[in-house]
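The values are calculated or read from the model by the stated rules, or taken from the named source; none is laboratory data. These figures come from a predicted structure and were not determined experimentally. Here Cβ is always computed from backbone atoms with ideal geometry, including for glycine, and neighbour counts include all displayed protein chains. With ligands, DNA and RNA removed, areas are computed over all heavy atoms of the protein, side chains included. Shrake-Rupley method; radii C 1.70, N 1.55, O 1.52, S 1.80 Å.
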Amino acid sequence: MGREAQQQQQQQVSFTVEQLVAVNPYNPDILPDLENYVNEQVLSQTYSLDANLCLLRLYQFEPERMSTQIVARILIKALMAMPAPDFSLCLFLIPERVTGRFRHFWDEAAKHRNIVEAVPGFEQAIQSFAIHVLSLTYQKIPRTVLAEAINLKGLSLDKFLEHQKANCGWILEGDQSTSQLIVLPPNEFNHPELKKNVADSIPLEHITRIFPILG
């Protein structure tokens, strides 16, 4: 009976959260319920894209209440839904200041290896996105910064850098020490002189908001 009561309670919680999302999706008072629901999804191996997108939208209106840990869990669950576009939909709603905190994301992912390992290409997807974000800002990246962003070190990092050098136009300045710099290929964002007629274009802050879903 105890187990049945627990299952009924879980079903009631799920129904209540989904009902809250449907009836009042922009009410910040439901933030704690949505965050608890994300944790429940991780533990029970369930998934609700609508509830998670609702939470990310609320974080946009209440940025001081944003939990990096919860955001990381949402992204992991979204990756598990591949090849559905859930991951891109979630990234679109996450501020760059959060997506740029890759060390926190990798730390959170390491706590849930059973989930991460169930998603083929998980690490490669995050690494590609990290490089994409860095390339919008940097002309040169310290080796240590890149290593933290893509969660590689030692020989694995050396092999990755050599591959990027041979195939993607990266230039490595210095030896394989912590002071090594990686020169990224120029683009209109990390090299302002390459930008086109900015006066007639969409404001840059609007453009950068959509770049995560293009990576």
Quick test of your reading of the structure: Arg97 fulfils all but one of (1) surrounded by fewer than 18 Cβ atoms within 10 Å (Cβ to Cβ); (2) modelled with pLDDT of 80 or more; (3) assigned to a helix (DSSP H, G or I). Name the failing condition by number. (2)
Looking at Ser67, is it crowded, with 16+ Cβ neighbours inside 10 Å, among the small types (Gly, Ala, Ser) and either closer than 25 Å to Val23 by Cα or within 11 Å of the chain's Cα centre (by Cα) (or both)? no
Some residue of the range 80-93 being open to solvent by 40 Å² or more (accessible area, probe 1.4 Å) and out of contact with any helix residue (DSSP H, G or I) (no Cβ under 9 Å at 6 or more places or on another chain): yes
When Phe189 is evaluated against the numbered criteria (1) modelled with pLDDT of 80 or more; (2) open to solvent by 30 Å² or more (accessible area, probe 1.4 Å); (3) of a type in the set (A, V, I, L, M, F, W, C); (4) farther than 22 Å from Met80 by Cβ, which criterion, by number, is the only one it fails? (1)
In the range 117-171, residues that are among the polar types (S, T, N, Q) and under 15 Å from Val183 (Cα atoms) total 6
What are the residues in the range 173-186 that are open to solvent by 40 Å² or more (accessible area, probe 1.4 Å) and touching a Leu at 6+ places or on another chain (Cβ under 7 Å), if any? Glu173, Gly174, Pro186
Counted residues in the range 110-127 being open to solvent by 70 Å² or more (accessible area, probe 1.4 Å) and either acidic (Asp, Glu) or in contact with a Gly (Cβ under 6 Å, 6 or more places away or on another chain) (or both) come to 1
Can you spot a residue in the range 59-73 that is among the β-branched types (Val, Ile, Thr) and either modelled with pLDDT of 85 or more or in a loop (DSSP other than H, G, I, E, B) (or both)? yes
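The rows are residues; the columns are (1) polar (S, T, N, Q); (2) assigned to a helix (DSSP H, G or I); (3) open to solvent by 50 Å² or more (accessible area, probe 1.4 Å).
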site	(1), (2), (3)
Pro25	no, no, no
Leu31	no, yes, no
Asn36	yes, yes, yes
Leu43	no, yes, yes
Leu56	no, yes, no
Scanning the range 128-159 for residues that are in contact with a helix residue (DSSP H, G or I) (Cβ under 7 Å, 6 or more places away or on another chain), open to solvent by 60 Å² or more (accessible area, probe 1.4 Å) and part of a loop (DSSP other than H, G, I, E, B) gives Asn151, Lys153
If the Cβ limit is 6 Å and pairs must be 6+ apart or interchain, which residue in the range 132-144 that is within 15 Å of Glu188 (Cβ to Cβ) pairs with which residue that is open to solvent by 30 Å² or more (accessible area, probe 1.4 Å)? His132/Gly215; Leu136/Phe189
